[in-house]
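Throughout, read-outs are computed from the coordinates displayed, never taken from laboratory work. Please read these numbers as outputs of a predicted model, since none were measured by experiment. Methodologically, a virtual Cβ is constructed for each residue, glycine included, from the backbone with ideal geometry; neighbour enumeration extends over all protein chains shown.
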Amino acid sequence: MSRRSWILLGILSALWGASYLFIKVALEDDVAPAVIVFVRTALAALVLLPLAARSGAFSGVRANAGPILVLAVVQMAGPLLLIAVGEQEISSSLTGILVATAPIFTFLLAFALEGEERASGLSLAGVALGIGGVALLLGVDAGGGTAALVGGLCVVLASFGYGVGAWFVKRRVHDIDRVAMVGVTAGTAAVLTAPLAAFSLPSEAPGLAAIGSLLTLGVLCTGAAFVIFYSLVSSDGPAKASLVGYIAPGFSIVYGVTLLDEGFTLATAAGLLLITGGSWLAAEGRYPWQSRSAASGELAAGCVDVTPAGEPDGGAHAAPLEGAAERVDRITA
């Protein structure tokens, strides 16, 4: 990766890691989760749709109208609402860590539903590590009893939505510019959440901190962040762009600890390592220091074959599981 790409990756990680900070600031000023999601998605659409229009990228929108509606519910409005609801009960740093489980769910869906790939032992071990990290964080680090546990589970469910959306994009969304897709999806999510937001308006105008957080969340952490993400996908490929998913949780912890005075315990550190490490192994099927070619060579010796009975075992089935962002363009918080 070039110096420019590393800088963009750092900026993107900082922006996506800050999302949970700005959500927490808005929540603490009594801004309802539905209002946060509506403002965030509407502002993101205002950033992305003009860019797509300038490049004439709307040609595939009509053909993908149905899948985009599904994505608006499953991968944007639903997860963002669940994250905001969950973050009412747990810290922003813990939220950022739990969201990093999305690649694990993407892998499990491909493994369990498609039956078209072979999974290495490392991928399956990654799933186990990630689940262990979630259990550790929710059982030990969340605190606050039942309310915190429910809040954490809401965030995990949101991460599952991201995984479903990523799996769905590959199979149902075709021949559409990704910036246009995200812009239209954000606009659709804004329309869907508008009624909920209208019934959840605060009795008093939010303070400047909450207003600034909402503006930053929509314009920078969502709209501009996706422009940067797809710029990286274009210049360096989706596999390298997906590294943001493993760096952003570190930023969310730094922001939460330094700006919101959130705690950072040994359990937090262990959960972070288990989840990010497990997500990497599940998505990549290899160690971080191992090349893809080396991992491909080892797969045949220790893979789990999920090829459907009676189906010819072509070259595609012998390939290792690619990273979640290699298979699809992930849409994350």
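With N residues in the stretch 198-271, what two-decimal value do you get for its Cα radius of gyration over 2.2 N^0.38 Å?
Against the empirical 2.2 N^0.38 Å value, I get 1.47 for the stretch 198-271.
Of the listed peptides 219-229, 177-187, what is their order by residue-averaged count of other C-beta atoms within 10 Å, with the highest listed first?
Top to bottom by mean Cβ count within 10 Å: 177-187, 219-229.
Output the Cα-based Rg and Dmax of the stretch 172-214 in Å, rounding Rg to one decimal and Dmax to a whole number.
So, for the stretch 172-214, Rg and Dmax equal 15.2, 45 Å respectively.
Hull surface divided by four, with the convex hull built on the Cα atoms of the stretch 132-204: how many nm²?
If you wrap the Cα atoms of the stretch 132-204 in a convex hull and average its projections, you get 8.0 nm².
Taking the highest mean first, how do the peptides 199-205, 90-96 order by number of other beta carbon atoms within 10 angstrom per residue?
On the way: 199-205: 10.4, 90-96: 28.3.
Most protected by this proxy first, the peptides run 90-96, 199-205.
Whole-Hz Karplus ³J(HN,Hα) for the stretch 222-236, in order, using 6.51 cos²θ - 1.76 cosθ + 1.60 and θ = phi - 60°, x for Gly and Pro?
Result, rounded to whole Hz: 10, x, 5, 4, 5, 4, 5, 4, 6, 5, 5, 4, 5, 8, 10.
Could you tell me the center-to-center distance, by alpha carbons, between the stretch 12-71 and the stretch 191-229 in angstrom?
Cα centroid of the stretch 12-71 versus Cα centroid of the stretch 191-229: 9 Å apart.
Can you tell me the equivalent ellipsoid semi-axes for the stretch 1-125? Use √(5λ) from the Cα gyration tensor, largest first, whole Å.
Working: eigenvalues 133, 111, 72 Å².
Whole-Å semi-axes of the equivalent ellipsoid: 26, 24, 19.
In angstroms, what radius of gyration and Dmax does the stretch 3-327 have, counting Cα atoms only?
Cα only, the stretch 3-327: 19.5, 64 Å (Rg, Dmax).
Indicate the gyration tensor shape class of the stretch 90-241 (rounded, prolate or oblate), computed on the Cα atoms with a ≥ b ≥ c the square roots of the eigenvalues: a/c under 1.5 is rounded; otherwise a/b larger than b/c is prolate and the rest oblate.
oblate
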